[in-house]
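Handing you a structure now.
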Amino acid sequence: MDQLKPPTGCRGFPLTIGRGQAYVGKIVDRLLLLLYSLIILVASIVVLFTASSWIPLEQAGQMLSNFYFEKSFAYPAIIISLIMLLISVRFLILTLRRGRSQAPSIDQRTDFGDIRISIETVENLSLKAAGRIKGAKDLRARVRVNQSGLEITIRTIVDGESSIPELTEEMQSTVKSYIEDITGIPVASVTVFVANIVQSAPTFKSRVE
């Protein structure tokens, strides 16, 4: 499993990405899917040729007869059928589990056990920290995980009254410190995207003549 080491001064323990734990399983599933697809392709071609009368009736009958009476034909067919059955059951279980799968998370291993923190939790904490910055409105957050830590992207609209470089730098520092203090997860980068400025409604002064 990929390990993430906290930076100096940051609480926490080695981390693993929740979805990375099934990496080997995904490779196996892809190989099974490839095998399954090849078998289905060959079977589809045989059925198509037979239904289109491209395979003579006598030859098709002889083939079926071999499956009934020749063990050299019957045993491979049984083995292939069992493999197809097992792969089908595997894919059925994966399909049923996918609907109940847990949200993407980051796993922390401590001396007392494992701690799982969902990506959504980190995103909400990032929004809470960014919301402390005066002049930032309509905040949105997205979190990704890489080898060096969390990559946090904050989208915001500013009021246009504060210096944007100072505002964004303060937001980056605040979010990084807050996430590392609260979760113990190292933050590799905080990207701030200023989408727009707040459009204030025009004011009209009445004139009394």
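Taking every pair of alpha-carbon atoms in the stretch 118-197, what share in percent sits in each 10 Å bin, from 0 to the bin with the longest distance?
Using 10 Å bins, I get a P(r) of 20, 56, 21, 3 for the stretch 118-197.
Run the numbers for LYS137 and MET63: contour at 0.36 nm per residue of separation, minus the present Cα-Cα distance, in nm. Walk me through the numbers on the way to the answer.
Numbers: separation 74, 0.36 × 74 = 26.64 nm, distance 7.27 nm.
Full-extension gain reported as 19.4 nm.
For the stretch 98-168, which trypsin sites (Lys or Arg not before Pro) are in a loop by DSSP, counting at most 14 other Cβ atoms within 10 Å?
On the way: sites: ARG98, ARG100, ARG109, ARG116, LYS128, ARG132, LYS134, LYS137, ARG140, ARG142, ARG144, ARG155; in loops: ARG100, ARG132, LYS134.
Qualifying residues, ordered by number: ARG100, ARG132, LYS134.
Rule-based calculations on the coordinates, nothing more; no lab input. Values in this document were obtained by computation on a predicted structure and should not be read as measured data. Positions of Cβ are backbone-derived with ideal geometry, glycine not excepted, and every protein chain shown enters the neighbour counts.
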